[in-house]
Amino acid sequence: MSWVTKTLSSSLGKKLIMAVTGLSLIAFLLVHCGINACIFLNDGGHTFNEAAEFMANNLFIRVTEVGLMAGFIIHIVDGLMLWKSNTDKRPVKYAVVKGEANSTWYSRSMGLLGSLLLIFLVIHLRHFWVVSRFTDVITSGEKTLFQEMTEVFANPIPVVIYVLGCISLAYHLLHGFQSAFQTMGWNHPKYTPFIKSVGAGFSILIPLIFAAMPIAMYLGWIA
Amino acid sequence: MNLSLKVWRQKNANSEGKFQQYDVQGISEDMSFLEMFDVLNERLINEGESPVAFDHDCREGICGMCSMYINGEPHGPNKGVTTCQLHMRSFKSGDTITVEPWRAKAFPIVKDLAVNRSAFDRIIAAGGYVSVNTGNAQDANSLPIPKDNADDAFMAAACIGCGACVAACKNASAMLFTSAKISQLALLPQGQAERTMRAEKMVAQMDVEGFGACTNTGACEAECPKGISLENIARMNREYYGAVLSSK
């Protein structure tokens, strides 16, 4: 086994993969949120559609998209592998566990929150990514991506699913953001409190902006 | 105090275990948790039953032998204490207390509440030592050590290897223990000679023993009777990544 394989398959290596891919997905969220937030300009989706078109046609973005998909897949597969291997490390479970005495519920539920996010991701990709990439609805000019959004979010069921997805995302990030830095060995009295504050702010703000989109469209604030 | 105990009884590593209920009466609130078990065991012996096996030694919180998982927490509900320092005044008369052994694949049960923690010894044996001859104690000023490093090394060295970190962790991870042992040597000049090899070998041994990976929940730090900090795990991660990149 080469030293690279040996390192990345160790318990610390697997965690490092989670941290690095997790941070790259956080960077993606920032871009995704920034572009989608264009709908709040309330200009009939004009700016948003232009931004979406730029993202769809820019070569650099398309190449980065491959990396993004790899990041998602590695994060999910590595997470599932860690969950399975960690669960096996305690074959006989405790009868009584007082988890709230020593840790937050969401830090103990990263696998569950991640699984909820995976379900949400499949629904989300089906709603927009599949429609824009694998059908000619958008490219033929039949509909804009903004119109597709307004149609999806006219129905209350997707709105509820998206809000629940954003809540799962918020708690997943609340632990994941600062945890990634700890895993990479970045823990210092000087800047760890700063990382934790930025992490908490990011975890609340970004999902809040995302959740506001379907709600605003459903209520007709954005048309 | 009168208490009801639900205690895990298991004859040996290979047998099936189960909870057994015991009612204990006339317990003084000044007794330690282990002394309460002594009272129970004396009664069981007098009744011709097998006493409850549990690990203990110094009974003053420094040896790291006691290891009970009490009402869902290692070493019970109080922070910064081992089971031997947990007193019955922390409970109310009439309470039902569930007592389980440390549960981890890497800590097989020997009998009842006693588990085999020799996996920790093997992690230490893999690299948690200084093999170079450091000679006699030198004049303090001939080997300058920054105060912060000395303090951090001392704090890491406070680990008594009881295994509460493993017991508390949802993944039965031994990273707090291993990182404390790596840290105490990595921070001092005497530990530099084997620094690279130490991080690699101890982490590899930790994985071989069957401990889980870290989810950074912080449960280990919260339950550690010696308050070993999560900063040590971050340091171990740095030591390990640095070691795999620089070793030949």
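Brief remarks follow.
- Those helices (runs of 4 or more DSSP H) lying entirely in segment B:115-175 with at least 3 residues touching a residue at least 60 places away in the same chain (Cβ under 8 Å) and crowded, with 20+ Cβ neighbours inside 10 Å: B:118-127, B:164-168
- Qualifying residue in segment A:208-221 (condition: in contact with a Cys (Cβ under 6 Å, 6 or more places away or on another chain), modelled with pLDDT of 95 or more, assigned to a helix (DSSP H, G or I) and not β-branched (Val, Ile, Thr)): yes
- Considering (1) more than 13 Å from chain A (Cβ to nearest Cβ); (2) in a helix (DSSP H, G or I), the lone condition that B:Ile228 does not fulfil carries the number (2).
- When residues in segment B:191-224 are screened for being more than 9 Å from chain A (Cβ to nearest Cβ) and either of a type in the set (A, V, I, L, M, F, W, C) or closer than 19 Å to B:Ala153 by Cβ (or both), 12 of them pass.
- Of note, A:Phe202 does not satisfy the criterion of being more than 19 Å from the chain's Cα centre (by Cα) and in a helix (DSSP H, G or I).
- Segment A:137-173, residues that are part of a helix (DSSP H, G or I) and in contact with a Phe, Trp or Tyr (Cβ under 6 Å, 6 or more places away or on another chain): A:Phe146, A:Val159, A:Gly165, A:Cys166, A:Tyr171
- Some residue of segment A:107-124 being at the interface with chain B (Cβ under 10 Å from one of its Cβ atoms), of a type outside the set (Gly, Ala, Ser) and free of Cβ contacts under 8 Å to residues at least 24 places away in the same chain: yes
- Test for B:Thr178: is it within 14 Å of another protein chain (Cβ to nearest Cβ) and surrounded by 24 or more Cβ atoms within 10 Å (Cβ to Cβ): yes
- Flag for A:Ile206 being of a type in the set (Val, Ile, Thr), buried (at least 18 other Cβ atoms within 10 Å of the Cβ) and within 15 Å of A:Asn36 (Cβ to Cβ): yes
- The set of residues in segment B:231-248 that are more than 7 Å from chain A (Cβ to nearest Cβ) and over 20 Å from the mean Cα position of the chain (by Cα) comprises B:Glu239, B:Gly242, B:Ala243, B:Leu245, B:Ser246, B:Ser247, B:Lys248.
- Residue within segment A:64-72 that is within 26 Å of A:Met18 (Cα to Cα), within 14 Å of another protein chain (Cβ to nearest Cβ) and modelled with pLDDT of 95 or more present: no
- Options A:Gly141, A:Gly185, A:Gly165, A:Gly114: the member that is on the phi > 0 side of the Ramachandran plot and either within 15 Å of the chain's Cα centre (by Cα) or buried (at least 19 other Cβ atoms within 10 Å of the Cβ) (or both): A:Gly185
- Taking the conditions (1) outside any helix (DSSP H, G or I); (2) surrounded by 17 or more Cβ atoms within 10 Å (Cβ to Cβ); (3) more than 14 Å from chain B (Cβ to nearest Cβ) in turn, A:Ser103 satisfies each one other than (3).
- Scanning segment B:91-107 for residues that are polar (S, T, N, Q), away from chain A (no Cβ under 13 Å) and closer than 21 Å to B:Ala168 by Cβ returns no hits.
- Selection count, segment B:102-114, where residues are among the β-branched types (Val, Ile, Thr) and buried (at least 22 other Cβ atoms within 10 Å of the Cβ): 1
- Per-region count, segment A:73-110, residues touching a Leu at 6+ places or on another chain (Cβ under 8 Å) and either at pLDDT below 95 or hydrophobic (A, V, I, L, M, F, W, C) (or both): 1
- B:Lys105 assigned by TED's automatic domain parsing to the domain that holds B:Phe37 and in contact (Cβ under 8 Å) with a residue 12 or more places away in the chain: yes
- The lone exception for A:Val92 - which of (1) over 23 Å from A:Lys14 (Cα atoms); (2) surrounded by 14 or more Cβ atoms within 10 Å (Cβ to Cβ); (3) without any contact (Cβ under 8 Å) to a residue 12 or more places away in the chain; (4) more than 14 Å from chain B (Cβ to nearest Cβ) it fails: (4)
The values are calculated or read from the model by the stated rules, or taken from the named source; none is laboratory data. Here the structure is a predicted model, which means the values were calculated and not measured. In this analysis, Cβ positions are derived from the backbone assuming ideal geometry, glycine residues included, and neighbour counts consider all displayed protein chains.
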